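Since the structure comes first, as structure tokens, the remarks are kept for the end.
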Amino acid sequence: EPEVTQTPSHQVTQMGQEVILRCVPISNHLYFYWYRQILGQKVEFLVSFYNNEISEKSEIFDDQFSVERPDGSNFTLKIRSTKLEDSAMYFCASSEAPAGGIGRNEQFFGPGTRLTVL
Amino acid sequence: AQSVTQLGSHVSVSEGALVLLRCNYSSSVPPYLFWYVQYPNQGLQLLLKYTTGATLVKGINGFEAEFKKSETSFHLTKPSAHMSDAAEYFCAVILPNTGNQFYFGTGTSLTVIP
């Protein structure tokens, strides 16, 4: 069964460093998402991406964040200068149809990357 | 803004007992509603969803949920808990045709006691 994969499973970095979190969405999916979950808190939407551009982003997704689909398979989240409060689990998701539409709008989630900023 | 409330961050049930996980949303427009499950060290897996049609929806692993517009609720139930049901459960909503932003609840951790 196709699945979303994410690497690495755990990333430890120093404050101020840049990190890139990688995701491989399901191959026939067109919509891609990033979420984060700070320990003990709810899962929060960061950004959605379609047709090589951001379609929606939350207030969390500030200038420190960027997303890219550098090739036909990877979808990356970059944090330019990490802060302590960026420590969280980051989930990638993908779907065939947009989440707000009917039909095949189910988002399939990856296992997450746990980011620890020291 | 959307709000999703899951009452009870931790729920414990005995094996074979009824599972009831509560979810309420705040929206003047009925949203699309989802329940996801997260097993340890794994991603979120869709249990079931409601978009339109029948308000009682059945999902995987024997779970079901009923959309009650008058109560703005979408509670998740399972008649008989199994040890393998122990996991974190998240309720999520999205407004139809307004974008791709899911709003998640804070999650409910289900423990099944043998």
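What follows is calculated from the coordinates using simple rules that are stated; it is not laboratory data. This one's a predicted model, so the numbers in the text were calculated from it and none came from an experiment. Backbone-built Cβ (ideal geometry, glycine too); neighbour counts: all protein chains shown.
Rounding to the nearest 20 debye, state how big the charge dipole of chain B is about its Cα centre with +1 on each Lys and Arg Cβ and -1 on each Asp and Glu Cβ.
On the way: 6 positive and 6 negative charges, 48 e Å.
Roughly 240 debye, rounded to the nearest 20.
The distance between label points at A:E1 and B:K58 comes to 1.8 nm (points 7 Å beyond Cα on the Cα→Cβ vector). The Rg/Rh ratio of chain B, with both radii computed over alpha carbons and Rh defined as the Kirkwood radius, is 0.96.
Could you pull out the trypsin sites (Lys or Arg not before Pro) across segment A:29-114 that fall in loop regions by DSSP (anything but H, G, I, E, B) with no more than 14 other Cβ atoms inside 10 Å?
Values: sites: A:R36, A:K42, A:K57, A:K78, A:R80, A:K83, A:R104, A:R114; in loops: A:K42, A:R80, A:K83, A:R104.
Here the sparse-neighbourhood loop sites are A:R80, A:K83, A:R104.
Take the Cα radius of gyration of segment A:1-98 and divide it by 2.2 N^0.38 Å, N being the number of residues; the result is 1.03. Across the options B:L110, A:P111, A:M15, the greatest Cα extent toward the positive end of the charge dipole of the protein assembly as shown (unit charges at beta carbon of Lys, Arg, Asp, Glu) belongs to B:L110. For segment A:78-92, 3J(HN,Hα) computed residue by residue from phi via the Karplus equation (6.51, -1.76, 1.60; θ = phi - 60°) reads 10, 10, 5, 9, 5, 10, 4, 6, 7, 4, 5, 8, 10, 10, 9 Hz, glycine and proline entered as x. In plain terms, if you count all Cα to Cα distances in the protein assembly as shown and split them into 5 Å steps from zero, the share in each step is 1, 7, 14, 19, 19, 17, 12, 7, 3, 1, 0 percent. Taking 31 Å as the limit for the C-alpha separation, the pairs A:K57/B:K69; A:K83/B:K78; A:K57/B:K49; A:K83/B:K69; A:K83/B:K49 exceed it in the case of A:K83/B:K78; A:K83/B:K69; A:K83/B:K49.
Using the Cα atoms of segment B:3-45 to build a convex hull, what is its mean projected area in square nanometres?
Values: hull surface 17.3 nm².
Result: a mean projected hull area of 4.3 nm².
For segment A:9-49, how big is Rg over Rh, using alpha carbon atoms and the Kirkwood form of Rh? With Rh from the inverse mean 1/r over Cα pairs, Rg/Rh is 1.01.
For the residues of A:37-46, the average number of beta carbons from a partner chain within 10 Å of their own beta carbon is 5. Across the alpha-carbon atoms of segment B:50-114, the computed radius of gyration and Dmax are 13.5, 44 angstrom. Taken about its Cα centre, chain A carries a charge dipole of about 220 debye when Lys and Arg each add +1 at the Cβ and Asp and Glu each add -1 at the Cβ.
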